[in-house]
Amino acid sequence: MEMYIVAIVIAYLLVVTFGYWLDFINLSHLKKCGSVIPPEFEGHIDRELLGKTKDYNVEHTKFGFVSSIFNNIVSLVFIFALLDIYNSWILSLNLSFILTGLVFFLLLTYADTIISMPFSLYNTFKIENKYGFNTMTFKLWISDTLKSLIISTILIGLLISAGLFLIQKSPDLWWLWVWSFFLVFGIFIMYISPYVIEPLFHKFTQIEDEELESGIRSLMEKAGIKVSRVFKMDASKRTRHTNAYFTGIGKVKRIVLYDTLLEKMDKGEILSVLAHETGHWKKKHVLKHIILTETIALIAICIAYQLLQSDFLIDLFQIEKSSFFAKVVILGFIGSIVSFPFSPLFNILSRRHENEADKYSYELTGNAGSMISALVKLSKDNLSNLHPHPLYALFHYSHPPVLERIRRIRELSKMRVPVH
């Protein structure tokens, strides 16, 4: 048993160390290349802005390093020193199976929220403030945190209660019923979130620019999408970062534009960004992502079911009183180690989807220049790292590096891809 524990700890430390090494080589690469203005950005950024971009990314990486070390220490201490005590205390309350699970996992959720608060505050009011991104007041931060905690309590409580109920009612097939319920619940949340959850945090109003709205509707009709409404979101109350996204299931979509995006981009650039998002829908990327992740989730829950049937994990980690909940925590810890090597595969697939969406954007609009200028503005305004190390990008970038995207789009325009 001790040999297995040693192997798990070594594997965990190897994963963590490899992650820190990736951060190190990315910082070294940034320090080496960060002062070089790429040809694609000449005339758009100067040395001063490039220096600011470099400093922002270096500071974020160092902050992430510190917070990661702290979180890893907390995780190891909890798993190997406190889990047994915590598990025994929860079981001593003599609650029902479902109530025990609710208390067990909700208290861990609250503890994680409290532990992460100082880091969230520092990132928001120190780093993001320093580089001109944060516009959130402390009062608004408190309000958002409390709302998030209440919503997460309700949603996690529902998931835990339903999951444990299914485990009780179907001891032999609960893995299938729990997986099915989580799938349906996830799709349900995707549907109601724009109408119920998002308005709790943001104000959505109809965009005032009638010409832009008309252009958006025409573009979407060309792609075969019916737009219910085009909204502006008051993102500037919290941040100066820019974004746009679609919501809705099926052919009817709500389009949401950050007010910061409307301020910084012209009509052609906004249409190119939305055409990119349209590409994800037309190429069924969301559906493919759901199918892939749910297939993996089904395999994972089948394996989890087999491991949870015995007390192997309890004996391995020397937990005095056997409980389903302690087994789940241990399994989650081991799962985080096992899943790490697969992250590049998911990123490769995601980057492929992004390239397909970029191609579709050009095919739909026939305007490579606007898409390129939108990417330049997004990178410039968000102080994005223009020179990520390729290996770091492989593990951490779900989107292709911006220079790679711009060069691909330019190649498409040279090939003269037919416009739909």
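Annotations for the structure displayed:
- Summarising the amide proton neighbourhood of Val227: residues at separation of 5 or more, or on other chains, whose placed amide H is nearer than 5 Å comprise Lys253.
- Measuring spread by the Cα atoms of the range 23-179 yields a radius of gyration and Dmax of 22.5, 68 Å.
- Over the chain, Cα pairs under 8 Å with separation of 6+ residues give a relative contact order of 21 percent.
- The charge dipole of the range 178-336, taken about the Cα centre with unit charges on the Cβ atoms of Lys, Arg (+1) and Asp, Glu (-1), comes to about 340 debye, rounded to the nearest 20.
- Folded to 0 to 90 degrees: helix 267-282 orientation relative to the chain principal axis, Cα: 40
- Note on the range 203-264 and the range 1-48: Cα centroid distance 35 Å, given to the nearest whole angstrom.
- Cα-derived Rg over Rh, computed across the range 1-107 with Rh taken as Kirkwood radius: 1.24
- Potential extension, Ser35-Ser228 segment - 0.36 nm per residue separation minus Cα distance: 64.9 nm
- The range 142-254: mean projected area of Cα convex hull, nm²: 9.3
- Positive-end residue of Met190, Ala223, Val178, charge dipole of the range 146-230 with Cβ unit charges: Val178
- Phi to ³J(HN,Hα) by Karplus 6.51 cos²θ - 1.76 cosθ + 1.60 over the range 339-350, Hz, x for Gly, Pro: 6, 4, x, 8, 4, x, 5, 5, 5, 4, 5, 5
- Tail beyond 34 Å, pair distance distribution of the chain (Cα, percent): 41
- Pairs of Cα atoms farther than 14 Å apart, the range 251-328, %: 75
- For the chain, DSSP calls about 50 percent of its internal beta bridges antiparallel.
- Calculated FRET efficiency, Ser96 to Ser120, Cβ-Cβ distance, R0 = 45 Å: about 0.85 to the nearest 0.05.
- Angle between the chain longest axis and helix 83-92 axis [Cα atoms, degrees, rounded to 10]: 60
- The largest-to-smallest principal axis extents of the Cα set in the range 188-254 are 33, 30, 17 Å.
- Taking label positions 7 Å along the Cα-Cβ direction at both Ile150 and Leu287, the computed distance is 3.8 nm, reported to one decimal.
- Distance (nanometres) between label positions extended 7 Å along Cα→Cβ at Ser28 and Thr295: 3.8
- For the range 95-143, the alpha-carbon radius of gyration amounts to 1.66 times the rule-of-thumb value 2.2 N^0.38 Å expected for a compact globular protein.
- Spin-label model distance (nm) - Asp315 vs Val196, 7 Å beyond Cα toward Cβ: 4.5
- Size of electric dipole in the chain: Cβ of Lys, Arg +1 and of Asp, Glu -1, about Cα centre, debye, nearest 20: 860
- Largest first, the extents of the alpha carbon coordinates of the range 290-386 on the three principal axes equal 64, 29, 19 Å.
- Relative pair counts by distance (%), Cα atoms of the range 11-52, 10 Å bins: 26, 34, 22, 15, 4
- At R0 = 35 Å, FRET efficiency that the Cβ-Cβ distance of Ile187 and Ser336 yields, to 0.05: 0.85
- Note on the chain: with a GNM built from Cα contacts shorter than 10 Å, the maximum mean-square fluctuation among Tyr195, Tyr12, Tyr392 falls on Tyr195.
Laboratory data are not the source of any read-out in this text; all were calculated from the coordinates shown. Because the structure is a prediction, the values reported are computed rather than measured. So basically every Cβ, Gly included, is an ideal-geometry build from the backbone, and we count neighbours across all protein chains shown.
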